[in-house]
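Worksheet for the structure shown next.
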Amino acid sequence: MLIRGKTGAGANAVDIRIEAGRIVAINAADASLRADLGGESLYVAPGFVDLQINGYAGIDWNDATTPPERIAEAVRKLRATGATALYPTVITGSREHITGCLAALARAMDRYPEVARACPGLHLEGPYISPEDGARGAHPAQHARPPDWNEFRRWQDACGGRIRLLTLAPEWPEALDFIERAARSGVTVALGHTAAAPARIAEAVRAGARMSTHLGNGSHAVLPRHENYIWAQLAEDGLAASFIADGHHLPPYVLKCLLRAKGAERSILVTDAIAAAGLGAGRRRLGDVEVEVSDAGRVSLPGTPYMAGSVLEMHRAVANAVRFAGVQLDEALSMAGPNPAKLMGIDGESGSIQTGRRADLIVFDRDACNLHLQILATVIDGETVYKNVDANQEC
Ligand SMILES: [Zn+2]
(Lines give C-alpha, C1' and ligand atoms only; values in the text may rest on other atoms or scores of the structure.)
Protein backbone atom coordinates (compact mmCIF):
# COMPACT_ATOMS: atom_id res chain seq x y z
CA MET A 1 0.00 0.00 0.00
CA LEU A 2 1.17 3.54 -0.75
CA ILE A 3 -0.15 6.54 1.21
CA ARG A 4 0.68 10.08 0.08
CA GLY A 5 0.36 13.24 2.14
CA LYS A 6 1.96 16.11 3.98
CA THR A 7 3.10 15.35 7.52
CA GLY A 8 2.46 18.87 8.80
CA ALA A 9 1.57 22.40 7.78
CA GLY A 10 4.14 23.62 5.26
CA ALA A 11 5.69 20.19 4.80
CA ASN A 12 6.14 18.64 1.38
CA ALA A 13 4.15 15.52 0.63
CA VAL A 14 5.78 12.14 1.18
CA ASP A 15 5.02 8.64 -0.04
CA ILE A 16 4.68 6.11 2.77
CA ARG A 17 5.06 2.53 1.62
CA ILE A 18 3.45 -0.15 3.77
CA GLU A 19 4.04 -3.88 3.63
CA ALA A 20 2.66 -6.55 5.96
CA GLY A 21 1.12 -3.86 8.19
CA ARG A 22 4.33 -1.91 8.74
CA ILE A 23 5.90 1.20 7.28
CA VAL A 24 8.82 0.06 5.12
CA ALA A 25 9.84 3.28 3.32
CA ILE A 26 9.21 7.03 3.44
CA ASN A 27 10.24 9.04 0.37
CA ALA A 28 9.47 12.36 -1.29
CA ALA A 29 6.17 12.09 -3.16
CA ASP A 30 6.62 10.69 -6.66
CA ALA A 31 3.79 11.75 -8.96
CA SER A 32 4.60 8.91 -11.36
CA LEU A 33 3.41 6.42 -8.73
CA ARG A 34 -0.25 5.87 -7.96
CA ALA A 35 -1.12 6.34 -4.27
CA ASP A 36 -3.76 4.06 -2.75
CA LEU A 37 -4.75 6.75 -0.25
CA GLY A 38 -4.11 10.48 0.12
CA GLY A 39 -2.61 12.96 -2.30
CA GLU A 40 -0.17 15.85 -2.70
CA SER A 41 -2.51 18.39 -1.07
CA LEU A 42 -3.75 16.13 1.76
CA TYR A 43 -2.23 15.31 5.14
CA VAL A 44 -1.10 12.10 6.78
CA ALA A 45 -0.46 11.67 10.52
CA PRO A 46 -0.15 8.95 13.15
CA GLY A 47 -3.57 7.74 14.32
CA PHE A 48 -4.95 9.35 17.46
CA VAL A 49 -4.50 7.77 20.89
CA ASP A 50 -7.28 8.73 23.30
CA LEU A 51 -6.31 8.13 26.93
CA GLN A 52 -9.73 9.04 28.29
CA ILE A 53 -13.05 8.04 26.78
CA ASN A 54 -16.15 6.82 28.61
CA GLY A 55 -18.30 5.76 25.66
CA TYR A 56 -19.35 6.71 22.15
CA ALA A 57 -22.34 6.63 19.80
CA GLY A 58 -24.81 5.82 22.55
CA ILE A 59 -22.61 3.00 23.88
CA ASP A 60 -21.54 3.36 27.51
CA TRP A 61 -18.83 1.21 29.10
CA ASN A 62 -19.57 2.63 32.53
CA ASP A 63 -22.61 0.35 32.28
CA ALA A 64 -21.56 -3.18 33.20
CA THR A 65 -24.42 -4.65 31.13
CA THR A 66 -23.13 -3.24 27.83
CA PRO A 67 -22.55 -6.33 25.65
CA PRO A 68 -19.21 -6.98 23.90
CA GLU A 69 -20.66 -6.47 20.43
CA ARG A 70 -21.77 -2.93 21.36
CA ILE A 71 -18.28 -2.11 22.67
CA ALA A 72 -16.86 -3.41 19.37
CA GLU A 73 -19.37 -1.23 17.50
CA ALA A 74 -18.16 1.88 19.37
CA VAL A 75 -14.51 1.05 18.62
CA ARG A 76 -15.34 0.71 14.91
CA LYS A 77 -17.32 3.97 14.83
CA LEU A 78 -14.49 5.84 16.54
CA ARG A 79 -12.28 5.19 13.51
CA ALA A 80 -14.18 7.95 11.72
CA THR A 81 -12.70 10.38 14.29
CA GLY A 82 -9.13 9.23 13.60
CA ALA A 83 -8.79 7.16 16.79
CA THR A 84 -6.60 4.10 16.23
CA ALA A 85 -5.95 3.47 19.94
CA LEU A 86 -8.01 4.19 23.01
CA TYR A 87 -7.95 3.55 26.73
CA PRO A 88 -11.61 2.93 27.63
CA THR A 89 -12.18 4.73 30.91
CA VAL A 90 -14.14 3.45 33.91
CA ILE A 91 -14.93 6.01 36.59
CA THR A 92 -15.64 6.00 40.33
CA GLY A 93 -18.34 3.61 41.54
CA SER A 94 -18.90 0.76 43.95
CA ARG A 95 -16.44 -2.13 44.00
CA GLU A 96 -18.95 -4.40 42.25
CA HIS A 97 -19.82 -1.82 39.62
CA ILE A 98 -16.20 -1.17 38.68
CA THR A 99 -15.51 -4.92 38.62
CA GLY A 100 -18.45 -5.42 36.25
CA CYS A 101 -17.45 -2.61 33.88
CA LEU A 102 -13.81 -3.74 33.70
CA ALA A 103 -14.86 -7.36 33.13
CA ALA A 104 -17.26 -6.33 30.34
CA LEU A 105 -14.45 -4.45 28.56
CA ALA A 106 -12.10 -7.41 29.00
CA ARG A 107 -14.73 -9.75 27.50
CA ALA A 108 -15.04 -7.50 24.46
CA MET A 109 -11.24 -7.49 24.06
CA ASP A 110 -11.13 -11.30 24.40
CA ARG A 111 -13.89 -11.85 21.89
CA TYR A 112 -12.96 -9.28 19.25
CA PRO A 113 -9.31 -9.08 18.12
CA GLU A 114 -10.02 -5.65 16.62
CA VAL A 115 -11.08 -4.37 20.07
CA ALA A 116 -7.99 -5.86 21.72
CA ARG A 117 -5.88 -4.25 18.98
CA ALA A 118 -7.58 -0.85 19.43
CA CYS A 119 -7.33 -0.87 23.22
CA PRO A 120 -3.75 -1.16 24.52
CA GLY A 121 -5.14 -0.84 28.02
CA LEU A 122 -7.90 0.46 30.27
CA HIS A 123 -8.00 3.70 32.26
CA LEU A 124 -9.42 3.54 35.78
CA GLU A 125 -10.32 7.11 36.75
CA GLY A 126 -11.02 6.89 40.47
CA PRO A 127 -12.33 5.77 42.85
CA TYR A 128 -9.26 6.91 44.84
CA ILE A 129 -10.06 10.59 44.32
CA SER A 130 -11.06 13.56 46.44
CA PRO A 131 -14.62 13.40 47.81
CA GLU A 132 -14.73 17.23 47.93
CA ASP A 133 -17.32 19.01 45.81
CA GLY A 134 -15.62 20.62 42.84
CA ALA A 135 -12.55 18.38 42.94
CA ARG A 136 -14.63 15.24 42.47
CA GLY A 137 -16.43 16.71 39.42
CA ALA A 138 -19.30 14.40 38.48
CA HIS A 139 -17.86 11.39 40.34
CA PRO A 140 -20.23 10.20 43.12
CA ALA A 141 -18.91 11.38 46.53
CA GLN A 142 -20.10 8.27 48.37
CA HIS A 143 -17.75 6.07 46.33
CA ALA A 144 -14.63 8.29 46.51
CA ARG A 145 -12.23 6.51 48.87
CA PRO A 146 -8.58 6.04 49.81
CA PRO A 147 -6.27 3.88 47.67
CA ASP A 148 -6.49 0.19 48.49
CA TRP A 149 -3.86 -1.98 46.80
CA ASN A 150 -5.69 -5.27 47.43
CA GLU A 151 -8.86 -3.90 45.89
CA PHE A 152 -6.91 -2.63 42.88
CA ARG A 153 -5.26 -6.05 42.46
CA ARG A 154 -8.70 -7.67 42.41
CA TRP A 155 -9.77 -5.27 39.66
CA GLN A 156 -6.67 -6.13 37.68
CA ASP A 157 -7.57 -9.80 38.10
CA ALA A 158 -11.12 -9.09 36.87
CA CYS A 159 -9.83 -7.66 33.58
CA GLY A 160 -6.72 -9.74 32.93
CA GLY A 161 -4.32 -7.07 34.21
CA ARG A 162 -5.40 -4.61 31.53
CA ILE A 163 -5.55 -1.44 33.64
CA ARG A 164 -2.59 0.58 32.30
CA LEU A 165 -3.58 4.05 33.46
CA LEU A 166 -4.93 5.05 36.87
CA THR A 167 -6.09 8.50 37.94
CA LEU A 168 -6.01 9.21 41.68
CA ALA A 169 -5.77 12.05 44.19
CA PRO A 170 -2.37 11.99 45.94
CA GLU A 171 -3.53 13.62 49.19
CA TRP A 172 -4.78 10.34 50.67
CA PRO A 173 -2.26 9.14 53.30
CA GLU A 174 -2.02 5.78 51.49
CA ALA A 175 -1.39 7.39 48.09
CA LEU A 176 2.41 7.62 47.89
CA ASP A 177 2.94 3.96 48.71
CA PHE A 178 0.17 3.07 46.26
CA ILE A 179 1.70 5.18 43.48
CA GLU A 180 5.07 3.45 43.95
CA ARG A 181 3.50 0.00 43.79
CA ALA A 182 1.32 0.82 40.80
CA ALA A 183 4.24 2.35 38.88
CA ARG A 184 6.41 -0.70 39.65
CA SER A 185 3.64 -2.94 38.29
CA GLY A 186 3.71 -1.08 34.95
CA VAL A 187 0.66 1.12 35.51
CA THR A 188 0.97 4.78 34.55
CA VAL A 189 -0.30 6.89 37.44
CA ALA A 190 -2.02 10.21 36.78
CA LEU A 191 -3.17 12.86 39.25
CA GLY A 192 -6.72 14.13 38.96
CA HIS A 193 -9.87 15.03 40.84
CA THR A 194 -7.49 16.16 43.56
CA ALA A 195 -7.41 18.85 46.22
CA ALA A 196 -3.74 18.21 47.10
CA ALA A 197 -1.43 20.91 48.41
CA PRO A 198 1.44 21.87 46.05
CA ALA A 199 4.04 20.05 48.22
CA ARG A 200 2.02 16.85 47.96
CA ILE A 201 1.98 17.09 44.14
CA ALA A 202 5.79 17.12 44.19
CA GLU A 203 5.86 14.08 46.51
CA ALA A 204 3.49 12.22 44.18
CA VAL A 205 5.80 12.88 41.24
CA ARG A 206 8.79 11.59 43.23
CA ALA A 207 6.72 8.47 44.00
CA GLY A 208 6.17 7.90 40.27
CA ALA A 209 3.11 9.89 39.07
CA ARG A 210 3.56 10.97 35.44
CA MET A 211 0.48 12.81 34.22
CA SER A 212 -2.22 15.27 35.26
CA THR A 213 -5.66 14.12 34.14
CA HIS A 214 -7.75 16.83 32.37
CA LEU A 215 -5.81 19.60 34.09
CA GLY A 216 -8.03 22.60 34.86
CA ASN A 217 -11.15 20.45 35.21
CA GLY A 218 -12.28 18.31 38.12
CA SER A 219 -11.26 21.23 40.30
CA HIS A 220 -12.82 23.69 42.74
CA ALA A 221 -14.63 26.71 41.32
CA VAL A 222 -12.53 29.03 43.53
CA LEU A 223 -8.90 28.46 44.50
CA PRO A 224 -6.14 30.40 46.33
CA ARG A 225 -4.57 32.50 43.58
CA HIS A 226 -0.99 31.17 43.92
CA GLU A 227 -0.80 28.16 46.19
CA ASN A 228 -3.01 25.71 44.36
CA TYR A 229 -2.77 22.36 42.63
CA ILE A 230 -3.23 23.75 39.12
CA TRP A 231 -0.11 25.94 39.22
CA ALA A 232 1.80 23.18 41.03
CA GLN A 233 0.98 20.61 38.35
CA LEU A 234 1.62 23.06 35.52
CA ALA A 235 5.09 23.83 36.86
CA GLU A 236 5.98 20.18 37.47
CA ASP A 237 8.12 19.03 34.54
CA GLY A 238 7.76 15.43 35.65
CA LEU A 239 4.08 15.52 34.73
CA ALA A 240 2.56 15.41 31.28
CA ALA A 241 -0.97 16.84 31.28
CA SER A 242 -4.13 15.96 29.42
CA PHE A 243 -6.64 18.60 28.35
CA ILE A 244 -10.25 18.57 27.15
CA ALA A 245 -10.10 21.03 24.24
CA ASP A 246 -13.81 21.27 23.46
CA GLY A 247 -14.14 25.01 24.12
CA HIS A 248 -16.53 24.33 27.01
CA HIS A 249 -14.45 22.58 29.69
CA LEU A 250 -11.73 25.20 29.37
CA PRO A 251 -12.32 28.67 27.89
CA PRO A 252 -10.10 29.07 24.80
CA TYR A 253 -7.85 31.63 26.56
CA VAL A 254 -7.31 29.24 29.48
CA LEU A 255 -6.47 26.37 27.13
CA LYS A 256 -3.97 28.66 25.39
CA CYS A 257 -2.22 29.49 28.69
CA LEU A 258 -2.23 25.89 29.90
CA LEU A 259 -0.82 24.49 26.65
CA ARG A 260 1.89 27.14 26.55
CA ALA A 261 2.86 26.57 30.17
CA LYS A 262 2.95 22.76 29.90
CA GLY A 263 4.61 22.89 26.48
CA ALA A 264 3.91 20.98 23.27
CA GLU A 265 5.99 17.97 24.35
CA ARG A 266 4.16 17.37 27.61
CA SER A 267 0.62 18.18 26.50
CA ILE A 268 -1.91 15.52 25.58
CA LEU A 269 -5.39 15.94 24.11
CA VAL A 270 -8.16 13.68 25.38
CA THR A 271 -11.86 13.66 24.54
CA ASP A 272 -13.22 12.45 27.93
CA ALA A 273 -16.27 11.73 25.77
CA ILE A 274 -19.44 10.22 27.22
CA ALA A 275 -21.76 7.90 25.32
CA ALA A 276 -23.70 10.88 23.90
CA ALA A 277 -20.68 11.71 21.71
CA GLY A 278 -21.09 11.03 18.02
CA LEU A 279 -24.88 11.38 18.10
CA GLY A 280 -25.26 15.10 17.39
CA ALA A 281 -27.33 17.71 19.23
CA GLY A 282 -30.45 16.86 21.22
CA ARG A 283 -31.65 15.26 24.43
CA ARG A 284 -30.10 11.89 25.23
CA ARG A 285 -30.92 9.41 27.94
CA LEU A 286 -27.77 7.80 29.37
CA GLY A 287 -28.64 5.17 31.92
CA ASP A 288 -30.69 7.00 34.55
CA VAL A 289 -29.61 10.48 33.46
CA GLU A 290 -30.97 12.75 30.74
CA VAL A 291 -28.51 15.17 29.16
CA GLU A 292 -28.87 17.89 26.59
CA VAL A 293 -26.27 18.35 23.86
CA SER A 294 -26.27 21.83 22.32
CA ASP A 295 -25.46 22.56 18.68
CA ALA A 296 -22.09 23.83 19.91
CA GLY A 297 -21.37 20.50 21.62
CA ARG A 298 -21.94 21.59 25.21
CA VAL A 299 -23.44 18.82 27.35
CA SER A 300 -25.60 19.91 30.27
CA LEU A 301 -28.27 18.62 32.59
CA PRO A 302 -31.51 19.96 31.07
CA GLY A 303 -32.63 23.22 32.65
CA THR A 304 -29.36 23.73 34.57
CA PRO A 305 -26.01 25.43 33.79
CA TYR A 306 -24.11 22.31 34.92
CA MET A 307 -21.93 20.47 32.44
CA ALA A 308 -22.55 16.73 32.26
CA GLY A 309 -19.60 15.51 30.23
CA SER A 310 -18.01 15.99 26.84
CA VAL A 311 -19.03 14.95 23.33
CA LEU A 312 -15.66 15.90 21.92
CA GLU A 313 -14.09 13.86 19.12
CA MET A 314 -10.34 13.78 18.70
CA HIS A 315 -10.16 15.31 15.21
CA ARG A 316 -12.13 18.27 16.57
CA ALA A 317 -9.85 18.52 19.62
CA VAL A 318 -6.84 18.85 17.29
CA ALA A 319 -8.54 21.58 15.24
CA ASN A 320 -9.59 23.36 18.45
CA ALA A 321 -6.04 23.32 19.84
CA VAL A 322 -4.82 25.03 16.67
CA ARG A 323 -7.70 27.51 16.65
CA PHE A 324 -7.92 28.31 20.38
CA ALA A 325 -4.31 28.04 21.47
CA GLY A 326 -2.43 29.03 18.35
CA VAL A 327 -0.28 25.88 18.36
CA GLN A 328 1.09 24.56 15.08
CA LEU A 329 -0.83 21.75 13.37
CA ASP A 330 2.13 19.38 13.84
CA GLU A 331 2.20 20.14 17.57
CA ALA A 332 -1.53 19.55 17.96
CA LEU A 333 -1.22 16.27 16.07
CA SER A 334 1.61 15.23 18.41
CA MET A 335 -0.60 15.98 21.41
CA ALA A 336 -3.24 13.62 20.00
CA GLY A 337 -1.01 10.72 18.90
CA PRO A 338 2.75 10.54 19.53
CA ASN A 339 2.68 12.19 23.00
CA PRO A 340 0.11 9.84 24.57
CA ALA A 341 1.74 6.86 22.81
CA LYS A 342 5.09 7.81 24.32
CA LEU A 343 3.67 8.33 27.80
CA MET A 344 2.05 4.90 27.72
CA GLY A 345 5.13 3.21 26.29
CA ILE A 346 3.42 2.01 23.09
CA ASP A 347 5.51 4.29 20.84
CA GLY A 348 7.98 1.55 19.98
CA GLU A 349 5.26 -0.13 17.93
CA SER A 350 3.02 2.68 16.80
CA GLY A 351 2.27 6.38 17.23
CA SER A 352 4.77 7.79 14.73
CA ILE A 353 5.58 7.79 11.06
CA GLN A 354 8.87 5.89 10.98
CA THR A 355 10.07 2.87 9.08
CA GLY A 356 9.53 -0.32 11.04
CA ARG A 357 6.51 1.03 12.94
CA ARG A 358 3.02 -0.37 12.51
CA ALA A 359 1.05 1.56 9.93
CA ASP A 360 -1.61 3.13 12.19
CA LEU A 361 -2.26 6.29 10.21
CA ILE A 362 -4.91 8.79 9.25
CA VAL A 363 -5.34 10.76 6.04
CA PHE A 364 -7.13 14.05 6.42
CA ASP A 365 -7.83 17.44 4.90
CA ARG A 366 -8.28 20.85 6.49
CA ASP A 367 -11.18 23.00 5.46
CA ALA A 368 -10.62 26.39 3.93
CA CYS A 369 -11.23 28.13 7.30
CA ASN A 370 -8.92 25.82 9.28
CA LEU A 371 -11.79 25.12 11.66
CA HIS A 372 -12.05 21.42 11.03
CA LEU A 373 -10.01 18.38 10.21
CA GLN A 374 -11.86 16.13 7.86
CA ILE A 375 -10.78 12.55 8.37
CA LEU A 376 -10.67 10.92 4.93
CA ALA A 377 -9.28 7.51 5.86
CA THR A 378 -8.07 5.59 8.90
CA VAL A 379 -5.52 2.80 8.54
CA ILE A 380 -4.70 0.21 11.22
CA ASP A 381 -1.90 -2.30 10.62
CA GLY A 382 -1.78 -1.21 7.00
CA GLU A 383 -5.45 -1.98 6.45
CA THR A 384 -7.94 0.75 5.55
CA VAL A 385 -10.55 0.40 8.32
CA TYR A 386 -12.42 3.62 7.57
CA LYS A 387 -12.92 5.64 4.41
CA ASN A 388 -14.94 8.85 4.21
CA VAL A 389 -17.16 8.31 1.20
CA ASP A 390 -18.87 11.70 1.20
CA ALA A 391 -16.02 14.05 1.98
CA ASN A 392 -16.68 17.71 1.31
CA GLN A 393 -14.85 20.96 1.84
CA GLU A 394 -17.50 22.90 3.76
CA CYS A 395 -16.61 24.81 6.90
ZN1 LIG B 1 -12.57 13.27 35.30
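The values are calculated or read from the model by the stated rules, or taken from the named source; none is laboratory data. Treat the numbers as computed from the prediction; the structure is a model and nothing was measured. Cβ placement follows ideal geometry from the backbone for every residue including glycine, while neighbour counts extend to all protein chains displayed. All accessible areas refer to the heavy atoms of the entire protein, side chains included, with ligands and DNA or RNA removed. Shrake-Rupley method; radii C 1.70, N 1.55, O 1.52, S 1.80 Å.
Computed values, structure above
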quantity	calculated
Residue within segment 125-144 that is within 22 Å of the chain's Cα centre (by Cα), outside any loop (DSSP other than H, G, I, E, B) and within 16 Å of the ligand (Cβ to nearest atom) present	yes
Residue list for segment 189-217, restricted to those being open to solvent by less than 10 Å² (accessible area, probe 1.4 Å), more than 16 Å from the ligand (Cβ to nearest atom) and either more than 13 Å from TRP172 (Cβ to Cβ) or assigned to a strand (DSSP E or B) (or both)	ILE201
Top-ranked residue in segment 237-276 [being within 14 Å of GLY297 (Cβ to Cβ) and of a type outside the set (A, V, I, L, M, F, W, C); ranked as least open to solvent (accessible area, probe 1.4 Å)]	THR271
Subset of segment 358-391 (residues that are among the small types (Gly, Ala, Ser) and crowded, with 18+ Cβ neighbours inside 10 Å)	ALA359, ALA377, GLY382
Tally of residues being out of contact with any Leu (no Cβ under 6 Å at 6 or more places or on another chain), outside any loop (DSSP other than H, G, I, E, B) and within 16 Å of the ligand (Cβ to nearest atom) across segment 259-275	2
Flag if ALA317 is over 21 Å from ILE375 (Cβ atoms), of a type outside the set (Val, Ile, Thr) and either open to solvent by 40 Å² or more (accessible area, probe 1.4 Å) or assigned by TED's automatic domain parsing to the domain that holds GLY58 (or both)	no
Number of the exception - THR355 against (1) assigned to a strand (DSSP E or B); (2) open to solvent by 50 Å² or more (accessible area, probe 1.4 Å); (3) of a type in the set (Val, Ile, Thr)	(1)
Residue list for segment 14-73, restricted to those being open to solvent by less than 60 Å² (accessible area, probe 1.4 Å) and of a type in the set (Val, Ile, Thr)	VAL14, ILE16, ILE18, ILE23, VAL44, VAL49, ILE53, ILE59, THR66, ILE71
Residue within segment 145-160 that is touching a residue at least 12 places away in the same chain (Cβ under 8 Å), within 16 Å of the ligand (Cβ to nearest atom) and under 30 Å from GLY382 (Cβ atoms) present	no
Candidates GLY263, GLY216, GLY208 - the one that is at positive phi, without any contact (Cβ under 8 Å) to a residue 24 or more places away in the chain and not polar (S, T, N, Q)	GLY263
Selection count where residues are in contact (Cβ under 8 Å) with a residue 24 or more places away in the chain, farther than 29 Å from VAL385 by Cβ and either open to solvent by 60 Å² or more (accessible area, probe 1.4 Å) or among the acidic types (Asp, Glu) (or both), scope segment 85-113	2
Looking only at segment 148-168, and only at residues there that are touching a strand residue (DSSP E or B) at 6+ places or on another chain (Cβ under 7 Å) and in a loop (DSSP other than H, G, I, E, B), the one that is surrounded by the fewest Cβ atoms within 10 Å (Cβ to Cβ)	ARG162
Number of the condition not met by GLN52 [criteria: (1) part of a strand (DSSP E or B); (2) not assigned by TED's automatic domain parsing to the domain that holds SER212]	(2)
Any chance THR188 is closer than 18 Å to ASN62 by Cα, touching a residue at least 24 places away in the same chain (Cβ under 8 Å) and of a type in the set (S, T, N, Q)	no
Residues located in segment 224-236, provided they are without any contact (Cβ under 8 Å) to a residue 40 or more places away in the chain and open to solvent by less than 50 Å² (accessible area, probe 1.4 Å)	ASN228, TYR229, ILE230, ALA232, LEU234, GLU236
Candidate set from segment 279-302 (those that are within 17 Å of MET314 (Cα to Cα) and in a loop (DSSP other than H, G, I, E, B)); member that is least open to solvent (accessible area, probe 1.4 Å)	GLY297
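For every residue, the table says whether it meets (1) charged (D, E, K, R); (2) within 30 Å of ARG323 (Cβ to Cβ); (3) within 16 Å of the ligand (Cβ to nearest atom); (4) more than 16 Å from the chain's Cα centre (by Cα).
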| position | (1), (2), (3), (4) |
| --- | --- |
| ALA31 | no, no, no, yes |
| ASP36 | yes, no, no, yes |
| ARG111 | yes, no, no, yes |
| CYS119 | no, yes, no, no |
